[in-house]
Amino acid sequence: MDPSLAELLDGIGPRLRRIRQERGLRLEDLAEATGLSVSTLSRLESGKRRPTLDLLIPLARVHRMALDHLIGAPPTGDPRAHLTPHRADTRTRLDAVVVPLTTYPGRLKVFKQILGPSSAEPVQVTHQGHAWFYVLAGSVRLLLGGTERLMGPGETADFDAGEPHWFGPADDRPAEILHLFGPHGDRF
């Protein structure tokens, strides 16, 4: 076997363990989410079981990671990220298109969001983590707890996502933001 391939394969188990631990998951949590047994996951992480696609694909889905990032595949030589826009979760009552700008499995996530106007009443949400956004274009209305702020291009918001919040366009025109999110309460 090619030594670089052997090194890559040997590094997958410890990498999977690190990703799981960074996300605060126990083996039991991951087993329940993937349908794989705790024993299989433990042997995979310790290197006692070789990774196969039928084991890695459920892990990639649960971690919401591209398979090549999950296993730490070597770069192809093309540093460009291939962006895939998608509609945001509609539970926030906001019409938004999200463009992930980072694909690496690190703790920091970066998105460009195009926030479309909505006639629905804003619903504040809370979740684990820390949020930061920068207004690129348009006017953004930020509800944070009991306060409301109007923000324009060049302005930044930085807050604990555990505080009730909502943000969207301040008027009937779309707004664009650069949004950073740290899932473990990370500050930037």
message: Can you pull out the trypsin sites (Lys or Arg not before Pro) in the stretch 6-76 whose DSSP state is coil and whose Cβ has at most 14 other Cβ atoms within 10 Å?
response: ARG26, LYS48, ARG64
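Between ALA33 and ARG49, what length comes free when the chain is fully extended (0.36 nm per residue of separation minus the Cα-Cα distance, one decimal in nm)? Each step should come with its number before you reach the end.
Working: separation 16, 0.36 × 16 = 5.76 nm, distance 1.96 nm.
Contour length minus the Cα-Cα distance gives 3.8 nm.
Once you have the Cα-Cα distance between ASP10 and THR156, take 0.36 nm times their residue separation minus that, and quote the gain in nm to one decimal.
Details: separation 146, 0.36 × 146 = 52.56 nm, distance 4.27 nm.
Extra length from ASP10 to THR156 when fully extended: 48.3 nm.
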message: Need one number: nm distance between label points at SER139 and GLU22, each 7 Å from Cα along Cα→Cβ, rounded to one decimal.
response: 4.0 nm
query: How do LEU41, LEU67 stack up against each other in accessible area, from largest to smallest, with a 1.4 angstrom probe?
result: LEU67, LEU41
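The values are calculated or read from the model by the stated rules, or taken from the named source; none is laboratory data. Because the structure is a prediction, the values reported are computed rather than measured. Virtual Cβ from ideal backbone geometry, glycine too; neighbours counted across all protein chains shown. For the accessible areas, the whole protein counts, side chains as well, though only heavy atoms, and no ligand, DNA or RNA atoms are used. Shrake-Rupley method; radii C 1.70, N 1.55, O 1.52, S 1.80 Å.
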